[in-house]
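What follows is one structure encoded as structure tokens, with my remarks underneath.
FYI, it's all coordinate maths here, none of it is from the lab. Treat the numbers as computed from the prediction; the structure is a model and nothing was measured. FYI the Cβ positions are ideal-geometry reconstructions off the backbone, even for glycines, and counts take in every protein chain you see.
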Amino acid sequence: MPQHGDKAFQKCINPDCAAEFDCSVPLFKCPQCGELLDVVYDWDRVEVPSKLSDFAARWTNRDTHLDFSGVWRFRELLDFCPDRYKVTIGEGQTILQRNDDLAKQLDMKPGCLYLQYEGLNPSGSFKDNGMSAAFSHAGMVGAESSACASTGNTSASMSLYAHSCGLKCTVLIGSGRIAYGKLSQAMDFGAHTIQIKGDFDDCMRQVQNVCSELGIYLVNSMNPFRLEGQKTIMLRIIEQLGWDVPDWIIVPGGNLGNSSSFGKMFSELKMLGLIERIPRMAIINATGADTLTDLFNNKKLRWNDGRVDQSIIDDFYADLTARNFSPHTCASAIEISRPVNLKKCLRALDICNGVVLAVTDQEIVDAKAQVGKYGLGCEPASAATIAGLKYLRADGVVGPDERVACVLTGHALKDPSVTVNYHKDSLGQFSNPPAEVPNDLDEIIKLIKS
Ligand code: F0G
């Protein structure tokens, strides 16, 4: 049980259990009922500013490493550990780009479409927001070794933080299931990289067993401290909109950690009186890995005040097992069919009046090329947001003058193979293949002028 006087504690999300645990205990699920855990704050003990814009003053202290971090400069909103444990490698220096060219393509008014470039993080994806928080907690509980299952980005990010904190790290990946950019990072950053003959869901199951048996610190997004770090992505969007909330947040859905953490952030901000309204959220799956879409849209699975109908989930997964189903999409980052944060995500959808939909691989790679051409580029999973927004615009769910922020979760260089294949074979609407000419100046000039 948490000590009286703690600012933060862990709490089971199942309302019929609601067990509470001290933050000093490393847990990744409730030891009493097996459900997910939240980090919960006693807000009366936390010094929360009276308005979000008060955080802006931190920019004047950029020589202070915690103020420089895009995560820890909002530290009062994730106040679970003393400053001496806080880990930062300069994560969260990301930008919200107003993109009127892409807005025009999507029949939206200027100033309505924004792209949140989380690929600008040190390891090239949004994961660094979460790892700075998870490794701070790992230090606080005295962990010596870390592990994760990954579709690539978690492994890259974990490896970077683990070696900067002096922890060992082990990565479980499905053979042939992760993009080379990400695999190269895990190897280069010193991870013990283990490929298993299976998919991400197999790795996720195995890594939980490995961590329980060997007492290793798990950094996947079922770790509630990791999600606390990812909340700050929403704070930076609000910050860059002049401390205003957008109308929509659009995010790709994989293991559903991001969407879960965003919903938690908005409900906390509203409860604290720091925002007046909560934006709506759209979560975009790939059609080859669309568990959430199927459960939410077809099976009508809902949060239901925490009493989620487990039988719907059990039946769904039993069917996947019976069919020996393994998800497949070119957006390998979100190639997941048993998302561990499903229930928290349902809560986020409830908080944000959210919608869910799935887009095809062709729609993803076309949208990715548009982000490349009109923006700063992104990896396939991130482009699912733009592909999804096209549907939301066509169906009139998102209006032309609503302000939309798409979270571009990973850098374009994470998965160069998908990009090269798309362009070189002229398969897509926006393909831009290289032209070949003889080694001859006249020929080169002729081509440039043509
Ligand atoms: N986008 C990218 C680039 C990702 O790497 C991931 C997840 C997601 C979206 C999905 O986010 O899980 O919060 O819904 N990648 C994990 C990994 C699973 O292992 O790197 P989510």
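Among the GluC sites (Glu not before Pro) in the range 365-450, those located in a DSSP loop and surrounded by at most 11 other Cβ atoms within 10 Å of their own Cβ are GLU436.
Computed over the range 289-381, relative contact order equals 33 percent, with contacts defined as Cα pairs under 8 Å that lie 6+ residues apart. Which helices of the chain meet both criteria: a Cα extent of 27 Å or more along the helical axis and a mean Kyte-Doolittle score no lower than 1.6, with helices taken as whole DSSP H segments? Taking the DSSP H segments of the chain (at least 27 Å long, mean hydropathy at least 1.6), we get none.
Give me the net charge for the shell around PRO224: Cβ to Cβ below 12 angstrom, other residues only, Lys and Arg +1, Asp and Glu -1. Once all neighbours under 12 Å are counted, the net charge is +3. So which trypsin sites (Lys or Arg not before Pro) in the range 270-373 are both in a DSSP loop and have at most 11 other Cβ atoms within 10 Å of their Cβ? The qualifying sites are ARG277, LYS300, ARG307, ARG323.
Each of VAL420, VAL245, VAL340 has some number of other Cβ atoms within 10 Å of its Cβ, and from fewest to most they run VAL420, VAL245, VAL340. A Förster radius of 51 Å, combined with the Cβ-Cβ distance separating ILE444 from ASP16, puts the computed FRET efficiency at roughly 0.10. The length gained on full extension between ALA394 and HIS192, counted as 0.36 nm times the residue separation minus their Cα-Cα distance, comes to 68.1 nm. Here the gap between ASN298 and PHE325, fully extended at 0.36 nm per residue and compared with their Cα-Cα distance, gives a gain of 7.9 nm.
Cα centroids of the range 150-197 and the range 284-334: 26 Å apart. For the range 320-407, the pair-distance distribution built from all alpha carbon pairs, in bins 10 Å wide starting at 0, is 15, 40, 36, 9, 1 percent. All Cα-Cα distances of the chain, cut into 20 Å bins from zero to the largest, leave 26, 59, 13, 1, 0 percent in each bin in turn. In this structure, LEU241 and GLN32 have a Cβ-Cβ separation that, at R0 = 41 Å, corresponds to a calculated FRET efficiency of about 0.50.
The value of relative contact order for the chain, using C-alpha pairs under 8 Å at least six residues apart, is 16 percent.
Subtracting the Cα-Cα distance of ARG205 and VAL437 from 0.36 nm times their residue separation leaves 78.4 nm of extension gain.
Alpha carbon centre of the range 44-72 versus the range 377-447: separation in Å? Cα centroid of the range 44-72 versus Cα centroid of the range 377-447: 36 Å apart.
Order these by the 10 Å Cβ neighbour count, fewest first: ILE275, ILE386.
On the way: ILE275 20, ILE386 30.
Final ranking by Cβ density, sparse to dense: ILE275, ILE386.
Taking all C-alpha pairs of the range 50-159, those more than 21 Å from each other amount to 49 percent.
Exposure proxy for ILE13, ILE445: other Cβ atoms within 10 Å of each Cβ, ordered fewest to most, give ILE445, ILE13.
Here the calculated FRET efficiency for SER417 and GLU213, from their Cβ-Cβ distance with R0 = 45 Å, stands at 0.80, rounded to the nearest 0.05.
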